[in-house]
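Asks: Handing you a structure now.
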Amino acid sequence: SHRLTLYAFMPLPITSIVIQYFGRLIHERFERIQAMFSDISARAQENFSGVRVLRAFAQEQPEINAFENANREYIARSLRLVRLMGMLWPTLEVMLGLAIVLVLWLGGREVVLGRITVGKFVTFNTFMVMLTWPIIALGWVINITQRGTASVVRLNQIFAEKPEITDVAARPATDLGPIRGEIEFRDLNFNYNGTHVLKNVNLRIPAGTSLAVVGPTGAGKSTLVNLIPRIYDAAPGTVLVDGRPIQEYPLAELRRSIGFVPQETFLFSDSIRDNIAFGAEDASTSDVRTAAEAASIAGDIEEFPEQYETAVGERGITLSGGQKQRTAIARALLRDPRILVLDDALSSVDTHTEEKILSRLREIMQGRTTIFISHRVSTVRNADRIAVLHGGSIVELGTHEELIARSGYYTDLYNKQLLEEELAQV
Ligand SMILES: Nc1ncnc2c1ncn2[C@@H]1O[C@H](COP(=O)(O)OP(=O)(O)OP(=O)(O)O)[C@@H](O)[C@H]1O
Ligand SMILES: [Mg+2]
C-alpha cells in the first residue's frame with residue numbers, strides 16, 4: 001500500500017537530521033579523545049626517556065600528578081562520547097517506534113475504512129518490525145564511520161604534509177659527475193622565520209682543504225653547516241658545491257657525499273655496530289671496525305663484554321658522552337664522505353683522545369673537505385684556515401698564525417685557553 005509506506009516513511013526526514021547531528025558530534029568528540037590520547041602517549045614517552053632528568057630534579061610526583069590529570073581528562077572525554085553513543089540508539093528506536101505507531105494508527109484506520117485487508121496490514125507491520133535491527137545496525141555503522149573518519153582526518157594531516165626541501169630543481173645525477181667537495185657560500189643571508197642569523201657570508205672552501213669555524217655561542221656556526229646538506233634551505237645560488245647551487249644536486253646524492261656529525265649526538269636503541277653502520281647496512285664488519293678505529297672508539301668497544309653487539313639503550317644512554325660522540329664520528333666516517341662536517345663533535349673527549357682522532361682524521365681526509373666547528377683552539381689550530389663567526393658574519397679568516405698575529409677574537413680565545421692549560425699543569 002502506497003499510503004502505508006508513506007506513513008511509515010514520514011519520520012524519515014527527522015531521522016536523517018538526527019543522524020547527521022549525532023554523526024557530527026561523535027566525530028568531534030572522538031577527535032578530541034584521539035588528541036588527548038596522543039598527548040598522553042607523548043608525555044609518557046618523554047617521561048621514560050627523560051627519566052634521569054626527572055629524578056635529578058625530583059619531579060616524579062608532579063609528573064605522576066600531571067599524568068593522572070591527563071588520564072582523568074581522557075576518561076571525561078571518553079564518557080562524553082559514551083553518553084552520546086548511549087543516546088544514539090534509543091533515539092533511533094524512538095524514530096522507528098514513531099513510524100510503527102503511525103502505521104498502526106493510520107493503517108488501522110485504513111483497515112476499518114476497508115481500504116486494505118487485515119492480511120496486508122499484518123504483513124506490513126511484520127515488515128516494519130523486521131526493520132528494527134537494520135536501523136539499530138545503521139546506528140552502529142554511523143558511530144563506527146564517524147570515529148573512523150575522525151582518525152583518518154588526523155592521519156591525513158600527517159600524510160598531506162609536504163617536505164619543504166625537495167628535489168624539484170635537481171638535475172639528473174648523470175649530468176653532474178661525482179662531487180669533489182668544494183664548498184662556497186656566496187652573499188649568504190639566512191633567517192629563521194624572520195630572525196636574521198647569517199649575514200652576508202662569503203667564503204670558499206677549496207676541495208680537499210679543511211676549515212675550522214669558531215665563534216661565541218649562538219653566532220650561527222651550526223646554522224651555517226646545516227645549510228650544506230640542506231637540513232635548512234638557503235636561497236638558491238648562495239650555497240654552492242663544486243661551483244653549482246646545491247639545489248641542483250639530487251638530495252640523496254648531495255647528502256650521501258657528506259659525513260655529518262651533528263652537535264647533538266643521536267644514537268638509536270640498537271647495537272653499536274648498527275649505529276655505526278646506520279644507513280650503510282651492507283657495510284662489512286671490517287668496514288665498521290676501520291671506522292671505529294679512525295674515531296678512536298674501537299678500544300672502548302672491544303672492552304665491552306658484547307663488543308660490537310652491545311646494545312646502547314635508548315639514545316645511547318649506556319655510553320659516556322665522549323663514547324657517544326665518537327660513535328657518531330665513526331658513523332660519519334664509514335660512509336667514506338667527500339665532505340666531513342664535525343659540529344662540536346669533539347667537545348666531550350679529552351684533549352689527548354682529541355689529538356689522536358684529529359691526526360687519524362688528517363690522514364683519512366687527505367684530499368677531502370673537512371669543516372670543524374669547535375670552541376677549542378686545540379681542535380682548530382691545525383686546520384688549513386680558521387674562520388671566526390661573530391653575530392652571523394665572518395669577522396676573521398686565516399691560518400692559526402695569521403689570526404694570532406691579528407689580536408682579535410681568536411687571539412683572545414687562544415690566550416685564555418693557554419692560560420687554562422698552564423693553570424691545569426700547576
Ligand atoms: N631551528 C631554529 N629555529 C629558530 N632559531 C634557531 C634555530 N636554530 C638556531 N636558532 C637560532 O639561531 C642562532 C644561531 O644558532 P646556531 O645553532 O647556529 O648557533 P651556534 O653558533 O652553533 O651556537 P653554539 O656554539 O652554542 O652551538 C641562535 O640565536 C639560535 O637561537
Ligand atoms: Mg652549534
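The values are calculated or read from the model by the stated rules, or taken from the named source; none is laboratory data. Only a predicted model underlies this, so the values are computations on that prediction, with no experimental measurement involved. Note that each Cβ is placed from the backbone with ideal geometry, even for glycine, and that neighbours are counted across all protein chains shown. Keep in mind that these areas ignore ligands, DNA and RNA; they rest on the heavy atoms of the full protein, side chains included. Shrake-Rupley method; radii C 1.70, N 1.55, O 1.52, S 1.80 Å.
Asks: Take ASP344 and tell me if it is within 16 Å of ligand 2 (Cβ to nearest atom) and of a type in the set (Asp, Glu).
Replies: On the way: within 16 Å of ligand 2 (Cβ to nearest atom): yes; of a type in the set (Asp, Glu): yes.
So ASP344 passes the test.
Asks: Based on this model, can you work out whether GLY299 counts as small (Gly, Ala, Ser), assigned by TED's automatic domain parsing to the domain that holds ALA219, surrounded by fewer than 21 Cβ atoms within 10 Å (Cβ to Cβ) and touching a residue at least 40 places away in the same chain (Cβ under 8 Å)? Before the answer, list the steps.
Replies: Values: small (Gly, Ala, Ser): yes; assigned by TED's automatic domain parsing to the domain that holds ALA219: yes; surrounded by fewer than 21 Cβ atoms within 10 Å (Cβ to Cβ): yes; touching a residue at least 40 places away in the same chain (Cβ under 8 Å): no.
In short, no.
Asks: Wholly within the range 307-426, which strands (runs of 3 or more DSSP E) include no fewer than the required count, namely at least 3 residues that are out of contact with any helix residue (DSSP H, G or I) (no Cβ under 7 Å at 6 or more places or on another chain) and at pLDDT 80 or above?
Replies: So the answer is 393-398.
Asks: Something else: Mind checking whether some residue in the range 325-346 is of a type in the set (Asp, Glu), over 17 Å from ALA295 (Cα atoms) and within 16 Å of ligand 1 (Cβ to nearest atom)?
Replies: Checked the range 325-346: no residue is of a type in the set (Asp, Glu), over 17 Å from ALA295 (Cα atoms) and within 16 Å of ligand 1 (Cβ to nearest atom).
Asks: Could you list all residues from the range 188-205 that are at positive phi and open to solvent by less than 90 Å² (accessible area, probe 1.4 Å)? Reasoning before the result, please.
Replies: In the first step, residues of the range 188-205 are kept if they are at positive phi; the result is 193-194, 200.
Scanning the range 188-205 gives a single hit, GLY194.
Asks: Residues that are more than 27 Å from the chain's Cα centre (by Cα) and within 19 Å of TRP133 (Cα to Cα): does the range 39-60 have at least one?
Replies: no
Asks: Another one. Determine the pairs where a residue that is more than 26 Å from LEU4 (Cα to Cα), located within the range 78-106, has a partner that is at pLDDT 85 or above and open to solvent by 80 Å² or more (accessible area, probe 1.4 Å) with Cβ atoms under 9 Å apart, the partner being 6 or more residues away or on another chain.
Replies: Correct list of pairs: ARG80/ARG32; LEU81/ARG32.
Asks: Within the range 260-271, can one find any residue that is away from ligand 1 (no atom under 16 Å from the Cβ) and under 23 Å from PHE372 (Cα atoms)?
Replies: Yes; the residues of the range 260-271 include at least one that is away from ligand 1 (no atom under 16 Å from the Cβ) and under 23 Å from PHE372 (Cα atoms).
Asks: Return the pair list, or none, for Cβ contacts closer than 8 Å from residues in the range 202-224 that are not assigned by TED's automatic domain parsing to the domain that holds GLY392 to residues that are at pLDDT below 85 and more than 11 Å from ligand 2 (Cβ to nearest atom), at least 6 apart or on different chains.
Replies: No pair meets every condition.
Asks: When you check VAL129 against the structure, is it out of contact with any Pro (no Cβ under 9 Å at 6 or more places or on another chain), exposed (fewer than 12 other Cβ atoms within 10 Å of the Cβ) and touching a residue at least 12 places away in the same chain (Cβ under 8 Å), yes or no?
Replies: Here the answer is yes, as VAL129 does meet what is asked.
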